[in-house]
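Working notes for the structure below.
The values are calculated or read from the model by the stated rules, or taken from the named source; none is laboratory data. In this text the structure is predicted, and so the values were computed from the model without any measurement. With ideal geometry, Cβ positions are generated from the backbone for all residues, glycine too; neighbour counts draw on all protein chains shown.
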Amino acid sequence: MIVGTGNVGASIAFALLNQRTPVKELILTDINREDAEGEALDLNDALAVAPSWLKIRAGDYNDAGDCDICVLTAGANQKPGETRTDLLQKNAQITCDVVEQIMASGFDGIFIVVSNPMDTLSYLTWQYSELPSERVIGTGTILDSARLRLQIANQLHIHPKSVHAYQIGEHGDSEFCIWSTANIGGELATNLLSTDQRQKIEDFTRNEAYNIIEKKGATHYGIGACTVRLINCILGDERRILPVSTLDDCNDVYYGFPAVIGREGVIRRLDLQLTESEGIQLQKSINIIKDTLKQVKE
């Protein structure tokens, strides 16, 4: 089930349709029932030429009880000049209402949280749902890491799938790259890119969403494709490593960090050895998310 059929929800559905996926049925739901119905009809028109075959229909929260995965995209959109944290109060209430209704249906699957501020809303979804934390997953820094890899690849004139690098922390302004582990076929990126090049890449990665929003009003294709990558990883029990937003028990907060993902959700978070400066950056990012959570609790 995809909750919310705005730009992001529709892009996730379209990306599902255009990839080979283990998904057999897709239910779209939105506060605007007609919009969900329209999206379902439009997507069905593509089934005859799509690489996958799945049932697509509009539904409501009562249908969630039979779903394996529920993707949360419902919420207010981020406007030009508005940070992800600015969306907090509006989207926290929306998330609370949606999760309550989904759990009332008997849902016992996995939540994927896409709505912003995503790390905070992932934590709240875990709290509201009372599901085990491994079954509440935020899209984390999957998209940010994809942006990072593309920029590194462009600088080195190689394919981005040959780049192994992660943005971690908040899906927001305090995220950063773990340059100490970033590599291309085992060769450290720090040996191939100057300090200035790395800083420009990291700045571009962190600010690209704002640039897109300023130009076209929203970002949705990238996160649509990244969310489908996560869905397929779960349903296919692929046990891939993705930088998703998961619970850090020690800090009692969700943030993006590499983790093994499979059919049961988060199998385990990796235990990466960060440098001292990276550890300080991560703690700063954690503190920002904690402050955001504190605003909700207050």
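Checking ILE261 against (1) within 16 Å of the chain's Cα centre (by Cα); (2) surrounded by fewer than 21 Cβ atoms within 10 Å (Cβ to Cβ), only one condition comes out false. Which one?
Unmet for ILE261, out of (1) within 16 Å of the chain's Cα centre (by Cα); (2) surrounded by fewer than 21 Cβ atoms within 10 Å (Cβ to Cβ): (2).
Does ILE158 satisfy being farther than 25 Å from VAL296 by Cα and not polar (S, T, N, Q)? Step through it out loud before you land on a result.
On the way: farther than 25 Å from VAL296 by Cα: yes; not polar (S, T, N, Q): yes.
Yes, satisfied.
For THR275, are the conditions met, namely being over 16 Å from GLU170 (Cα atoms), exposed (fewer than 14 other Cβ atoms within 10 Å of the Cβ) and either touching a Cys at 6+ places or on another chain (Cβ under 9 Å) or of a type in the set (Val, Ile, Thr) (or both)?
Details: over 16 Å from GLU170 (Cα atoms): yes; exposed (fewer than 14 other Cβ atoms within 10 Å of the Cβ): yes; either touching a Cys at 6+ places or on another chain (Cβ under 9 Å) or of a type in the set (Val, Ile, Thr) (or both): yes.
Judged against the criteria, THR275 is a match.
In region 13-34, which residue that is in a loop (DSSP other than H, G, I, E, B) and without any contact (Cβ under 8 Å) to a residue 40 or more places away in the chain is nearest to VAL98 (Cα to Cα)? Steps first, answer last, please.
Within region 13-34, the subset in a loop (DSSP other than H, G, I, E, B) is 18-24, 30-32.
Now narrow it down to the ones that are without any contact (Cβ under 8 Å) to a residue 40 or more places away in the chain: 18, 20, 24, 32.
Details: ASN18: 28, ARG20: 29, LYS24: 23, ASN32: 14 Å.
Ranking the qualifying residues of region 13-34, first place goes to ASN32.
Can you find a residue that is touching a helix residue (DSSP H, G or I) at 6+ places or on another chain (Cβ under 7 Å) and more than 21 Å from ILE241 (Cα to Cα) anywhere in region 133-153?
No.
Does PRO258 satisfy the criteria of being in a strand (DSSP E or B), more than 26 Å from CYS96 (Cα to Cα) and in contact (Cβ under 8 Å) with a residue 24 or more places away in the chain?
Details: in a strand (DSSP E or B): yes; more than 26 Å from CYS96 (Cα to Cα): yes; in contact (Cβ under 8 Å) with a residue 24 or more places away in the chain: yes.
The answer is yes for PRO258.
If I go through region 153-178 residue by residue, how many of them are under 25 Å from GLN283 (Cα atoms) and either touching a residue at least 24 places away in the same chain (Cβ under 8 Å) or crowded, with 24+ Cβ neighbours inside 10 Å (or both)?
Here is the first cut: in region 153-178, the residues under 25 Å from GLN283 (Cα atoms) are 164-178.
From what is left, the residues that are either touching a residue at least 24 places away in the same chain (Cβ under 8 Å) or crowded, with 24+ Cβ neighbours inside 10 Å (or both) are 165-178.
Number of matching residues: 14.
With a cut-off of at least 3 residues that are under 19 Å from GLY256 (Cα atoms), name the helices (runs of 4 or more DSSP H) lying wholly within region 68-186.
Working: elements: 88-104, 118-129, 142-156.
Hits in region 68-186: 118-129, 142-156.
Inspect all residues belonging to region 109-122 and state whether any of them is surrounded by fewer than 24 Cβ atoms within 10 Å (Cβ to Cβ), small (Gly, Ala, Ser) and in contact (Cβ under 8 Å) with a residue 24 or more places away in the chain.
Yes: region 109-122 contains one or more residues that are surrounded by fewer than 24 Cβ atoms within 10 Å (Cβ to Cβ), small (Gly, Ala, Ser) and in contact (Cβ under 8 Å) with a residue 24 or more places away in the chain.
Quick check, is ALA153 modelled with pLDDT under 95 and among the small types (Gly, Ala, Ser)? Give the derivation first.
Details: modelled with pLDDT under 95: no; among the small types (Gly, Ala, Ser): yes.
It is false that ALA153 is modelled with pLDDT under 95 and among the small types (Gly, Ala, Ser).
Looking only at region 181-204, decide whether some residue is closer than 21 Å to MET118 by Cβ, in contact with a helix residue (DSSP H, G or I) (Cβ under 9 Å, 6 or more places away or on another chain), buried (at least 16 other Cβ atoms within 10 Å of the Cβ) and of a type outside the set (Asp, Glu).
For region 181-204, residues closer than 21 Å to MET118 by Cβ, in contact with a helix residue (DSSP H, G or I) (Cβ under 9 Å, 6 or more places away or on another chain), buried (at least 16 other Cβ atoms within 10 Å of the Cβ) and of a type outside the set (Asp, Glu): absent.
Has region 281-294 got at least one residue that is of a type outside the set (Ser, Thr, Tyr) and closer than 21 Å to ARG147 by Cα?
From region 281-294, those of a type outside the set (Ser, Thr, Tyr) are 281-284, 286-291, 293-294; that's our starting set.
With closer than 21 Å to ARG147 by Cα added as a condition, the list becomes 281-282.
Within region 281-294, one or more residues are of a type outside the set (Ser, Thr, Tyr) and closer than 21 Å to ARG147 by Cα.
So that you can scan it fast, the table gives a plain yes or no per residue for (1) modelled with pLDDT under 95; (2) assigned by TED's automatic domain parsing to the domain that holds ILE152; (3) farther than 18 Å from ARG149 by Cβ:
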position	(1), (2), (3)
ASN191	no, yes, no
ALA218	yes, yes, yes
GLY265	no, yes, yes
LEU274	no, yes, yes
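Any residue in region 270-281 that's of a type in the set (D, E, K, R): show its pairings with residues that are at pLDDT 95 or above and assigned to a loop (DSSP other than H, G, I, E, B) at Cβ separation under 9 Å, as long as the two are six or more apart or on different chains.
Correct list of pairs: GLU278/ILE178; GLU278/TRP179; GLU278/SER180.
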